[in-house]
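This report concerns only the one structure given below.
The values are calculated or read from the model by the stated rules, or taken from the named source; none is laboratory data. None of the values given here were measured: they were computed from a predicted structure. Backbone-built Cβ (ideal geometry, glycine too); neighbour counts: all protein chains shown. With ligands, DNA and RNA removed, areas are computed over all heavy atoms of the protein, side chains included. Shrake-Rupley method; radii C 1.70, N 1.55, O 1.52, S 1.80 Å.
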Amino acid sequence: MNKIFKKDLYRYYGREKETFRQRLARPPQIKYLLALRKCSSAKNKISRLFYRWRLKKLQEKTLIQIPHTVNIGEGFYIGHYGRIIINPNVIIGKNVNIATGVTIGQENRGKRQGVPTISDNVWIGTNAVIVGRVTIGTDVLIAPNTFVNFDVPDHSVVVGNPARIIAREGATDEYVCNKV
């Protein structure tokens, strides 16, 4: 757990350690991420219960709802605290940025029934919605206010509602920084 959280910190600060001042003034989204990582990796029942309680309290404070069952790769970055909702069964790769207002959810019927899988190096903009059993490729930028319910190939920018795909090599360059 500590190795993964250090990689998360690297995404925020460009190094794997916080200074004493940064630790004292740790933003709520980093506190949430630490509790999430600890809850996911807790070995015994007592620590698991404590971190679930801590996660619940931080959910109330930050409005971030990422269950401890979500499979999240290293280098996860929450841009700002505020309403973020992710289904418990979602799979998220490495170096993923998520902004405020993002919803990653389940589709309950039809050919896309299920939850999304998000690959590495993905930037998801404010108020974006991703639903259904879809795969988001590597190096994908999902623009703010975009609704995605279809597969997105690697090296793409997704914009609009209804969304359209624009092929672009290096789509997340300068958006996803300090990659691990």
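Quick one: is residue 107 of a type in the set (Asp, Glu) and farther than 24 Å from residue 140 by Cβ? Before you say what the answer is, go through the steps one by one.
Working: of a type in the set (Asp, Glu): yes; farther than 24 Å from residue 140 by Cβ: no.
Here the answer is no, as residue 107 does not meet what is asked.
Identify, from the list 171, 99, 128, the residue that is touching a strand residue (DSSP E or B) at 6+ places or on another chain (Cβ under 7 Å) and more than 24 Å from residue 14 (Cα to Cα).
Numbers: 171 fails: more than 24 Å from residue 14 (Cα to Cα); 99 fails: more than 24 Å from residue 14 (Cα to Cα).
After applying the criteria, what remains is 128.
Just to be sure, is residue 140 under 13 Å from residue 176 (Cβ atoms) and in contact with a His (Cβ under 9 Å, 6 or more places away or on another chain)?
Considered against the rule, which asks whether it is under 13 Å from residue 176 (Cβ atoms) and in contact with a His (Cβ under 9 Å, 6 or more places away or on another chain), residue 140 comes out as yes.
Within the stretch 102-142, which residues are within 22 Å of residue 29 (Cα to Cα), of a type outside the set (Val, Ile, Thr) and buried (at least 19 other Cβ atoms within 10 Å of the Cβ)?
Passing the criteria: 119, 120, 121, 123, 125, 128, 141.
What tally of residues in the stretch 148-158 results from selecting those that are closer than 17 Å to residue 114 by Cβ and open to solvent by 60 Å² or more (accessible area, probe 1.4 Å)? Working first, answer last.
Start the filter on the stretch 148-158 by keeping residues that are closer than 17 Å to residue 114 by Cβ, which leaves 148-152.
Checking which are open to solvent by 60 Å² or more (accessible area, probe 1.4 Å) leaves us with 151.
Matching residues across the stretch 148-158 total 1.
Within the stretch 167-180, track down each residue that is open to solvent by 70 Å² or more (accessible area, probe 1.4 Å) and either of a type in the set (Gly, Ala, Ser) or farther than 16 Å from residue 75 by Cα (or both). Before you say what the answer is, go through the steps one by one.
Of all residues in the stretch 167-180, those open to solvent by 70 Å² or more (accessible area, probe 1.4 Å) come to 167-169, 173-175, 179.
Passing the criteria: 167, 168, 169.
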